[in-house]
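The values are calculated or read from the model by the stated rules, or taken from the named source; none is laboratory data. From a predicted model like this one, the values you see are computed outputs, not experimental measurements. Heads up, the Cβs are rebuilt from the backbone with ideal geometry, glycines too, and the neighbour counts pull from every protein chain shown.
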Amino acid sequence: MMRTGLIGIESYVDGTLIRSCGEDANRLHKEAFSAGFKHVFGVDTTIDVVKHHGGTDPLIAVKQRGRRPAAVLHSPRRRAAAPPLQATVFSILAAARRRHAIVQALERLPELQAAMIKHFEAHSDRAGLGLQLLPGVRALLETLQGRDDVATCLVTGNLEPIGWGKMAALGIEQLFTAPRFGGFGSDHCSGDTDEMWRDRAEFVAVAARRCADAFPDADIAAHWHVGDTPMDVQAALASGAAALGVATGVFPLESLRALGAPPRVVVLESLEDTEAVMAALGLS
């Protein structure tokens with residue numbers, strides 16, 4: 001069916017559509033990381049040793065691997081007590097080992113991703129453990145699904161099978177536009193763990209291209225990215241999309257509003273009020 005004036009709406013997953021909860025918070029996803037690290041690098045570790053909120057799966061893996069060699073070289077106390085020249089040597093060696101670990105992680109990223117996906121899919125019956133939909137998400141997706149002028153998808157740092165696996169486990173995968181498309185952690189990894197929003201911007205761009213490919217006869221009238229972090233807003237703007245920020249994660253409203261103003265940036269408390277969200281998206 002030909003669609004004119006199509007509005008592409010993509011949503012981030014963790015913190016935007018769903019949240020982690022309880023002792024088993026996001027358990028299977030974290031287990032998949034650990035299984036991947038064990039299979040590829042032979043180490044028993046978790047992603048909880050690094051700050052990973054708002055990161056992408058590949059960059060979290062790179063960050064974790066980049067941390068380990070420097071951490072085991074010498075303790076901070078020993079480095080502080082060392083003579084200046086020795087301390088400088090320690091720092092140079094630590095930086096070199098960190099760079100080597102990052103290069104190694106990037107080289108073996110395809111193996112790591114395959115191991116993570118294999119573990120996740122083998123235990124998909126537990127994909128929803130420690131996860132729950134945020135208020136208003138189902139109602140909003142059902143409303144958007146009922147419109148001919150809207151195409152919805154995911155943009156997430158999750159590897160694609162893991163992102164869709166979470167949606168299926170929580171009973172909302174079928175509410176996204178068919179054929180399924182989006183931008184995912186498995187699509188791109190720059191290796192830059194300092195400005196991770198740039199990788200997210202690439203996911204937004206990938207989703208826009210896939211939307212155009214899925215509906216080649218459609219006139220894409222608008223492109224929205226919905227997310228809960230400042231990085232989501234930055235990614236949207238850098239990719240030519242408008243941003244709908246929601247304060248449903250760990251970042252306050254002010255940090256989202258500081259990055260722009262309507263019509264390019266709109267910020268709401270949550271997705272709970274379907275009518276307000278539709279109005280913000282220009283769909284009222």
Is region 157-164 home to any residue that is free of Cβ contacts under 8 Å to residues at least 60 places away in the same chain, part of a loop (DSSP other than H, G, I, E, B) and closer than 26 Å to K51 by Cβ?
no
Look through S270, S255 and report the one residue that is free of Cβ contacts under 8 Å to residues at least 60 places away in the same chain, surrounded by 15 or more Cβ atoms within 10 Å (Cβ to Cβ) and either of a type in the set (S, T, N, Q) or in a loop (DSSP other than H, G, I, E, B) (or both).
S255
So, first residue in a helix (DSSP H, G or I) and crowded, with 21+ Cβ neighbours inside 10 Å in region 21-45, second residue among the basic types (K, R) and at pLDDT 95 or above, Cβ within less than 9 Å, six or more apart or across chains; the pairs are L28/R126; L28/K166; H29/K166; A32/K118; G36/K118; V40/R108
Looking at (1) assigned to a loop (DSSP other than H, G, I, E, B); (2) hydrophobic (A, V, I, L, M, F, W, C); (3) in contact with a Ser or Thr (Cβ under 8 Å, 6 or more places away or on another chain), which is the one condition that is false for A261?
(3)
Could we say that G157 is at positive phi and not β-branched (V, I, T) here?
no
State whether the residues of region 67-83 include one that is modelled with pLDDT of 70 or more, over 24 Å from V250 (Cα atoms) and surrounded by fewer than 17 Cβ atoms within 10 Å (Cβ to Cβ).
no
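Here are A221, A214: which of them is closer than 30 Å to A115 by Cα and assigned by TED's automatic domain parsing to the domain that holds I162?
Selected residue: A214, the only one of A221, A214 that is closer than 30 Å to A115 by Cα and assigned by TED's automatic domain parsing to the domain that holds I162.
Does G249 count as under 18 Å from the mean Cα position of the chain (by Cα), surrounded by fewer than 16 Cβ atoms within 10 Å (Cβ to Cβ), outside any helix (DSSP H, G or I) and in contact (Cβ under 8 Å) with a residue 60 or more places away in the chain?
When the stated conditions are applied, G249 does not pass them.
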Just one of (1) at pLDDT 95 or above; (2) out of contact with any Cys (no Cβ under 9 Å at 6 or more places or on another chain) trips up C153, so point out which.
(2)
Hits in region 165-190 (condition: part of a loop (DSSP other than H, G, I, E, B) and over 21 Å from F215 (Cα atoms)):
L170, G171, I172, H188, C189, S190
Take region 101-146 and flag every residue that is assigned to a loop (DSSP other than H, G, I, E, B), on the phi < 0 side of the Ramachandran plot and in contact with a strand residue (DSSP E or B) (Cβ under 8 Å, 6 or more places away or on another chain).
L134
Among the residues of region 187-197, is there at least one that is buried (at least 18 other Cβ atoms within 10 Å of the Cβ) and aliphatic (A, V, I, L, M)?
yes
